[in-house]
1. Whether any residue in region 174-192 is surrounded by 22 or more Cβ atoms within 10 Å (Cβ to Cβ), touching a Phe, Trp or Tyr at 6+ places or on another chain (Cβ under 6 Å) and among the aliphatic types (A, V, I, L, M) is what I want to check.
2. Could you tell me whether any residue of region 217-238 is farther than 23 Å from Ile94 by Cβ, open to solvent by less than 80 Å² (accessible area, probe 1.4 Å) and of a type in the set (S, T, N, Q)?
3. So, of the residues in region 144-163 that are within 19 Å of Arg116 (Cβ to Cβ), out of contact with any helix residue (DSSP H, G or I) (no Cβ under 7 Å at 6 or more places or on another chain) and hydrophobic (A, V, I, L, M, F, W, C), which turns out to be least open to solvent (accessible area, probe 1.4 Å)?
4. Could you tell me which numbered condition Ala131 fails, if it satisfies all but one of (1) hydrophobic (A, V, I, L, M, F, W, C); (2) farther than 24 Å from Asn182 by Cβ; (3) open to solvent by 30 Å² or more (accessible area, probe 1.4 Å)?
5. Read through the list (1) touching a helix residue (DSSP H, G or I) at 6+ places or on another chain (Cβ under 6 Å); (2) at pLDDT 95 or above; (3) of a type in the set (Asp, Glu), then give the number of the only condition that Asp138 fails.
Amino acid sequence: MTAPLPSSSAAATPISQDELKAQVGRAALAYVVKGEIVGVGTGSTVNKFIDALATIKDQIRGAVSSSLASTERLQALGIPVFDSNEVEELGVYIDGADEIDHRGFMVKGGGAALTREKIVAAQSRRFVCIADASKLVDTLGAFPLPVEVIPMAARRVMRQFAALGGLAQVREKDGLPLVTDNGQHIVDVTGLKIADPLAFESEVSQWPGVVTVGVFAHQKANVCLLGTPEGVRTLDFA
């Protein structure tokens, strides 16, 4: 009896999310300006970019980092890290996103570094977002919105979100409120649909006690490198 031939339509081995992150991390090297200082974000996807950046570290002056965790990783790989106050302007900032829509507006802050991320983004001429395809959404809000707040304002800010239909809670670590690199707390908000990110960011940023809201609309992405099973997809935003 002849054994059946293997099916030509057999499914290929799926690409892991970790490999998708590595793909976009490597692809982001094309946006690094040689001889300059690069802005570097925070998170698991950015860690893949930092590892890739180490392969061309002799071609850049160094980096400005948005978190202590990224700073430690950069320095461990021999990449000099500058304080943001030492640098007038950055050519490019490369960071991930928890959500990104089709206009380049993002929700960020899952790693609790949103304030420093927004500062470095504002210091950069270009924002290149690196993410896997699961982060692309039609409307922001499915991912819990991080908001960095001064601790004494947390409950009042939570009530203000409740008035907008959101359910807010203070992020905890080891049973206690998480403390950011800036010494503040994070409030995470669910139940929102952010149809107008620019107006939403402007409004919440004015609430007393809010340090930074995790909507990146005024500092939106100029480019998104999206990791897909078919390869890296480039989204350009006006």
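The values are calculated or read from the model by the stated rules, or taken from the named source; none is laboratory data. The structure displayed is predicted, hence computed values, not measured ones. Every residue, glycine as well, gets a Cβ built from its backbone with ideal geometry; the counts of neighbours run over all protein chains shown. Note: areas computed on protein heavy atoms with side chains; ligands, DNA, RNA excluded. Shrake-Rupley method; radii C 1.70, N 1.55, O 1.52, S 1.80 Å.
1. yes
2. Step one: of region 217-238, the residues farther than 23 Å from Ile94 by Cβ are none.
Scanning region 217-238, I find no residue that is farther than 23 Å from Ile94 by Cβ, open to solvent by less than 80 Å² (accessible area, probe 1.4 Å) and of a type in the set (S, T, N, Q), so the answer is no.
3. At the first step, the residues of region 144-163 found to be within 19 Å of Arg116 (Cβ to Cβ) are 145-151.
Remaining after also requiring out of contact with any helix residue (DSSP H, G or I) (no Cβ under 7 Å at 6 or more places or on another chain): 145, 150-151.
Pick out the ones that are also hydrophobic (A, V, I, L, M, F, W, C) and you get 145, 150.
On the way: Leu145: 3, Ile150: 75 Å².
Out of the qualifying residues, it is Leu145.
4. Of everything listed in (1) hydrophobic (A, V, I, L, M, F, W, C); (2) farther than 24 Å from Asn182 by Cβ; (3) open to solvent by 30 Å² or more (accessible area, probe 1.4 Å), Ala131 misses just condition (3).
5. (1) is the only condition that Asp138 fails.
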